[in-house]
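The values are calculated or read from the model by the stated rules, or taken from the named source; none is laboratory data. Quick caveat, the model's predicted, so the values are computed rather than measured. Note that we place each Cβ from the backbone using ideal geometry, even for glycine, and neighbour counts take in every protein chain shown. The area values use the complete protein model at the heavy-atom level, side chains included, leaving out ligands, DNA and RNA. Shrake-Rupley method; radii C 1.70, N 1.55, O 1.52, S 1.80 Å.
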Amino acid sequence: MKILFATSEAYPLVKTGGLGDVSRALPQALKQHGEDVRILLPGYPSVLSQLSEIKEVCVLSPTHSFQESGRLVEALFPGSDLPLYVVESPGLYDRPGTPYLTPEGHDWPDNALRFGYLSHVAALICSGHLPMPWKPDIVHCNDWQTALVPVFLAHRGLARFPSVLTIHNLAFQGNFSPDWVQKLGFPTSSFHMEDLEFYGHFSFLKAGLVHATRVTTVSPTYAREICSSDLGYGLQGLLSHREKDLMGILNGIGPEWNPSVDPLLQAHFSVSDLRGKTRCKNALRKQLQLPVTPNVPVLGLVSRLTHQKGIDLLVDILDELMNEPLQLVILGSGDASMEQTLREAQPLFPEKLSVTLGFDEALSHRIIAGSDLFLMPSRFEPCGLAQMYAMAYGTPPVVHKTGGLADTVEGFDFNGPAKNQSTGFVFEDLTPQAFMNAIRSGLSQFQNKNAWQTLRKNGMKKDFSWTPAGAIYTALYKEIALPS
Ligand code: ADP
């Protein structure tokens, strides 16, 4: 089957979070299942500069609703045989900063146009309106940035074109001023509750949820959670209404997250030989200028620094944690006030706390490999990849029981021996104290060498590959494909 995988980021060309990882690994897994899958990305500078042998597919001429012009180009996704289409439109995508934010950290004011245009081009590819030999059978869209693809298709008389919309995080909805309805070529009459409108805004995600053939999200528990008012962000009614078309499919992790070959690590290790992990731990501490003291556990955190990720819980227990014999290594970026708090805390504990603010792929791998416990107290978590990376790297995670964290981490059995299936430490109440207690359980197990080895190895032996998810998506595409 021919699948167009439309996305706003894909590692290593561009990544701000889990969507970037998924958009690289899932298409690859689908290809292994025999699908003809092609990725569509915007032409950000980081994308175009990493591609070789770029070929023009066609010119994108202005239309009556989009004055923008550009080119659709193609290349191979680096390091793979996956075809990649790129929408080149320098006025929209040739900018500094992240794909979504200015260098000062504000949303680009024309994000509706930038991602509306991406979705418009994807819809043109699906409808066969571009002079290109390849036409997809299915379009797979991801989050609000490409959620308008099924909406454009429906408004252009192609409501039956099979589409899958995956929600990677319902908290980001792409809600814009109603002015954008007409500016993106939709009739003003479509601005109502059953189409584009969501509490007075034009919501890309809501409109996509109305029109997509099927909706998926990235873990079974999150699929249930978003149908309730707690985590539905006002969309729970629509999602419950579409319940029979909604499915939670657990993400996997890509083959590059393998501690026995990871080129970003200073030493390698595997479930049968963990010696390299100690070398990674010591190299990490040297790199971050923490004392290399034996038998002191290192706790790691790699995350967006946001309320969603529960960083406020960590801030609340920071003093208590710093009284324990441990070292804490933090890598993240995000909320300015959280960054400030951590920046100020670091010099108070020079031997115990390392804070790196920013986005650093190599350091993220080194922290996940070199830590003993990995902290992930997310308030909610659609799937979460970092906890799976941590388990694969022999670093038991401490997680809040929510979404994909609940689906992937087997909580330590506090009353029994660690020879069960435990892979980490799970806390239920979203309170600093519950988080602290779970960390304390981790610290106490760390002292118990046999239990600790078992816990680590349980995580490392788990199959977090994309193979099962690839098979489920393939079956889903088959179900919705139009008869040829
Ligand atoms: P989300 O997509 O909500 O941010 P996930 O756990 O699904 O959370 O994926 C986050 C991804 O981004 C992981 O690969 C994680 O290692 C990475 N990451 C998060 N923050 C940073 C950072 N500051 N530097 C490097 N990688 C980061």
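Evaluated against (1) open to solvent by 60 Å² or more (accessible area, probe 1.4 Å); (2) out of contact with any helix residue (DSSP H, G or I) (no Cβ under 8 Å at 6 or more places or on another chain), SER240 falls short on exactly one condition, (1). The listed residues are LYS31, LYS55, LYS15, and the only one of them that is away from the ligand (no atom under 16 Å from the Cβ) and touching a residue at least 40 places away in the same chain (Cβ under 8 Å) turns out to be LYS31.
Looking for whichever is open to solvent by less than 20 Å² (accessible area, probe 1.4 Å) and more than 14 Å from the ligand (Cβ to nearest atom) here; the options are ALA451, ALA471, ALA392. Which one fits? Even if it seems obvious, please write down each step before you answer.
Values: ALA471 fails: open to solvent by less than 20 Å² (accessible area, probe 1.4 Å); ALA392 fails: more than 14 Å from the ligand (Cβ to nearest atom).
That would be ALA451, the only listed residue that is open to solvent by less than 20 Å² (accessible area, probe 1.4 Å) and more than 14 Å from the ligand (Cβ to nearest atom).
The set of residues in segment 243-261 being surrounded by fewer than 18 Cβ atoms within 10 Å (Cβ to Cβ) and of a type outside the set (D, E, K, R) consists of MET247, PRO255, ASN258, SER260, VAL261.
Scanning segment 330-342 for residues that are within 8 Å of the ligand (Cβ to nearest atom) and under 23 Å from VAL292 (Cβ atoms) yields a single hit, LEU331.
Going by the structure shown, is SER371 under 27 Å from GLU428 (Cβ atoms), crowded, with 18+ Cβ neighbours inside 10 Å and among the polar types (S, T, N, Q)? Reasoning before the result, please.
Values: under 27 Å from GLU428 (Cβ atoms): yes; crowded, with 18+ Cβ neighbours inside 10 Å: yes; among the polar types (S, T, N, Q): yes.
Taking the combined requirement at face value, the residue satisfies it.
Looking only at segment 343-368, residues that are more than 10 Å from the ligand (Cβ to nearest atom), crowded, with 21+ Cβ neighbours inside 10 Å and either polar (S, T, N, Q) or assigned to a helix (DSSP H, G or I) (or both) come to 2 in all.
Tell me which residues, restricted to segment 138-165, are in a loop (DSSP other than H, G, I, E, B) and either at positive phi or in contact with a Phe, Trp or Tyr (Cβ under 8 Å, 6 or more places away or on another chain) (or both). Break it down into steps so the answer makes sense when it comes.
So in segment 138-165, the residues in a loop (DSSP other than H, G, I, E, B) come out as 143, 147-148, 156-162.
Result: ASP143, ALA147, LEU148, GLY157, PRO162.
Taking the residues in segment 310-333 that are open to solvent by less than 30 Å² (accessible area, probe 1.4 Å) and part of a loop (DSSP other than H, G, I, E, B) as candidates, determine which candidate is farthest from SER444 (Cα to Cα). Step by step, filter segment 310-333, then rank; the result is GLY310.
Filter the helices (runs of 4 or more DSSP H) completely within segment 196-270 down to those with at least 2 residues that are without any contact (Cβ under 8 Å) to a residue 24 or more places away in the chain.
Per the criteria, 236-241.
Only a single item in (1) open to solvent by 30 Å² or more (accessible area, probe 1.4 Å); (2) within 16 Å of the ligand (Cβ to nearest atom) is not met by GLY79, and it is number (2).
For segment 287-316, a residue qualifies if it is touching a helix residue (DSSP H, G or I) at 6+ places or on another chain (Cβ under 8 Å) and free of Cβ contacts under 8 Å to residues at least 24 places away in the same chain, and exactly one does: VAL292.
Only a single criterion out of (1) within 28 Å of TYR11 (Cβ to Cβ); (2) touching a Leu at 6+ places or on another chain (Cβ under 9 Å); (3) in the same structural domain as GLY404 (by TED's automatic domain parsing) is not satisfied by ILE368, namely (2).
Looking only at segment 88-120, filter to residues that are free of Cβ contacts under 8 Å to residues at least 60 places away in the same chain and among the small types (Gly, Ala, Ser); which one of those is farthest from VAL14 (Cα to Cα)?
The initial filter retains those residues of segment 88-120 that are free of Cβ contacts under 8 Å to residues at least 60 places away in the same chain, namely 88-97, 101-104, 106-110, 117.
Add one more test, that the residue is among the small types (Gly, Ala, Ser), and what stays is 89, 91, 97.
On the way: SER89: 17, GLY91: 18, GLY97: 11 Å.
Here the answer is GLY91.
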